[in-house]
Amino acid sequence: MKVEKISELTANRLSVYLRCLNELSAAGVKVVSSEELAKRYNLNSAQIRKDLAYFGEFGIRGVGYYVDNLREHLRKILGLDREHRICIVGAGRLGTALADYHGFKKSSFSVVALFDNDRSKIGQRVGNVMVYDFADFHKIASQKQIEIAVIAVPADAAQAVLDEIVKAGIKAVLNFAPVSLVADNSVKVKTVDLTTSLESLSYFLSQPMNGKNA
């Protein structure tokens, strides 16, 4: 299997393929071709074959892909064959909602700590997750072997939070604060900007649905 880094777009597509394969497996489907996969989930069959061929030969000509076998290969490629321990910084409404998200229980991701600087929240629990003092971030992150940090704080505090996360040696960050953050190239920061997504939908709604000018 090749080990060179792939683009984020390719990684995103592999994640989509895995989700589709999970659905097929749950439905009892044993074998699927790239054409069937593309048609069923509105994907591109040539792109599927190209992406998968980058990592080796998984399909059988004239037969297709064995669903469960390909699922396991994709899980390994995406690093989902082991647990990833997550912390969330910011125990407000968003942070606590993420910590209590039931979807994590069916995934390879586990939220093991919440952090905040509000004394009234520190020591409380959200489900099974303890809220810790952000002042103890480095110690707790090390103790709990945290790999991924989620930022769910106001925009004006996000960069300072990211700086502390980076100092603690964490290399993967998911940012929900509506602001662009700066980090070393060795750190991957992915921002989820709900406002930008909604604005793009607003633009779509403002256009004539038949593609013609009003």
- Message: Please count how many residues of segment 181-205 are part of a loop (DSSP other than H, G, I, E, B) and polar (S, T, N, Q).
- Response: 2
- Item | Only one of 33, 45, 7 that is over 20 Å from residue 106 (Cβ atoms), open to solvent by less than 70 Å² (accessible area, probe 1.4 Å) and touching an Asp or Glu at 6+ places or on another chain (Cβ under 7 Å) | 45
- If you go through segment 53-97 one residue at a time, how many are under 24 Å from residue 8 (Cβ atoms) and either of a type outside the set (Lys, Arg) or touching a strand residue (DSSP E or B) at 6+ places or on another chain (Cβ under 6 Å) (or both)? 23
- Message: Kindly evaluate residue 36 against the criterion of being part of a helix (DSSP H, G or I) and without any contact (Cβ under 8 Å) to a residue 12 or more places away in the chain.
- Response: no
- Message: Looking at segment 171-183, can you tell me whether even one residue there is open to solvent by 50 Å² or more (accessible area, probe 1.4 Å) and in contact with a His (Cβ under 8 Å, 6 or more places away or on another chain)?
- Response: no
- Checked against (1) within 22 Å of residue 78 (Cα to Cα); (2) aliphatic (A, V, I, L, M); (3) touching an Asp or Glu at 6+ places or on another chain (Cβ under 9 Å), residue 131 satisfies every condition except (1)
- Report, ordered by the first and then the second residue, all pairs with beta carbons closer than 6 Å, sequence separation of six or more or different chains, a first member in segment 153-176 that is without any contact (Cβ under 8 Å) to a residue 40 or more places away in the chain, and a second member that is open to solvent by 30 Å² or more (accessible area, probe 1.4 Å) and β-branched (Val, Ile, Thr). 155/179; 158/179; 172/148; 173/189; 175/189; 175/191
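Could we say that residue 77 is touching a residue at least 24 places away in the same chain (Cβ under 8 Å) and surrounded by 15 or more Cβ atoms within 10 Å (Cβ to Cβ) here? Before the answer, list the steps.
On the way: touching a residue at least 24 places away in the same chain (Cβ under 8 Å): yes; surrounded by 15 or more Cβ atoms within 10 Å (Cβ to Cβ): yes.
When the stated conditions are applied, residue 77 passes them.
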- Within segment 152-174, the residues that are within 16 Å of residue 114 (Cβ to Cβ) and part of a strand (DSSP E or B) are 173, 174
- Residue count for segment 104-151, restricted to those that are part of a helix (DSSP H, G or I), of a type in the set (D, E, K, R) and either in contact with a Pro (Cβ under 7 Å, 6 or more places away or on another chain) or open to solvent by 80 Å² or more (accessible area, probe 1.4 Å) (or both): 3
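The rows are residues; the columns are (1) more than 22 Å from residue 143 (Cα to Cα); (2) not aliphatic (A, V, I, L, M).
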position: 56; (1), (2): yes, yes
position: 82; (1), (2): no, yes
position: 85; (1), (2): no, yes
position: 98; (1), (2): no, no
position: 106; (1), (2): yes, yes
position: 114; (1), (2): no, no
position: 120; (1), (2): yes, yes
- Message: So the check is Cβ under 7 Å with 6+ separation or different chains; which pairs have a first residue in segment 93-107 that's under 12 Å from residue 127 (Cα atoms) and a second one that's among the acidic types (Asp, Glu) and not in a helix (DSSP H, G or I)?
- Response: none
- Query: Which residue pairs have Cβ atoms under 6 Å apart, sit 6 or more places apart or on different chains, and have a first residue in segment 51-67 that is free of Cβ contacts under 8 Å to residues at least 60 places away in the same chain and a second that is part of a strand (DSSP E or B) and not basic (Lys, Arg)?
  - Reply: 58/65; 59/65; 64/31; 64/32; 65/32; 66/31; 67/32
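The values are calculated or read from the model by the stated rules, or taken from the named source; none is laboratory data. Keep in mind that what you see is a predicted model, and the values were worked out from it rather than measured. Backbone-built Cβ (ideal geometry, glycine too); neighbour counts: all protein chains shown. Surface accessibility is based on the protein's heavy atoms, side chains included, excluding ligands, DNA and RNA. Shrake-Rupley method; radii C 1.70, N 1.55, O 1.52, S 1.80 Å.
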